[in-house]
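Asker: Right, I'll just put the structure down here and ask away after.
Bear in mind that the values in this text are calculations on the coordinates, not laboratory data. Quick caveat, the model's predicted, so the values are computed rather than measured. Methodologically, a virtual Cβ is constructed for each residue, glycine included, from the backbone with ideal geometry; neighbour enumeration extends over all protein chains shown.
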Amino acid sequence: MIENVALAALLITIMYTDWRFLRIPNSFTYPAMLIGVVFGAIEGLPGELFTHGLVDHVAALILAFAISYPFYAAGGLKAGDAKLLMAIGALRGINFLLFAAVYGALIGGVLAVGFILRRKLARPAAGAAPNTLAGIMKSSIPYGVALGIGGLLALALEATGYVHVTV
């Protein structure tokens, strides 16, 4: 329960900062990763520290890095988005990370299409060059919002019992 509250608070905060400033601060993601590893250690007590709790949370953090690094290296994902995925994994473990990442990717695709259409159809400022698809594709979108909605959707589906996302 505490993991869910911490995750929801993180996601809502990140969604706001990414939407408003196109930025996901390290001051939110790094502490969330640390808290997630601590929660994993506590979850594994008394006897499953290395077979369930801690290992699952650390492995999820590493898996999130492994999944997001190629996209970051190719320029399709910002570092803050990758660190947000790592924080989600650290807070809830591998299964939850995979569900949240897939939901976030699907929502991110819809969000990207919406942003592209809005920017393409927007009237250029007086004297400015018309909006080109090449120029639009180089602009940023708040992908942390999509990942946040994906994480909140995974939490909601888990709470309602529609999807079992924990081990």
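Asker: Being closer than 12 Å to LEU11 by Cα and crowded, with 17+ Cβ neighbours inside 10 Å is true for just one of GLY93, GLY89, GLY148. Which residue is that?
Answerer: GLY148
Asker: Right, another one. Scan ILE42, ILE35 and give me the residue that is free of Cβ contacts under 8 Å to residues at least 24 places away in the same chain and farther than 29 Å from LYS138 by Cα.
Answerer: ILE42
Asker: Residue by residue through segment 1-54, note down the ones that are among the β-branched types (Val, Ile, Thr) and within 28 Å of GLY108 (Cα to Cα).
Answerer: ILE2, VAL5, ILE12, THR13, ILE14, THR17, ILE24, THR29, ILE35, VAL37
Asker: Further question on the same structure: Can you name every residue in segment 111-167 that is part of a loop (DSSP other than H, G, I, E, B) and either among the hydroxyl-bearing types (Ser, Thr, Tyr) or on the phi > 0 side of the Ramachandran plot (or both)?
Answerer: Passing the criteria: GLY127, THR132, SER139, SER140, GLY161, TYR162, THR166.
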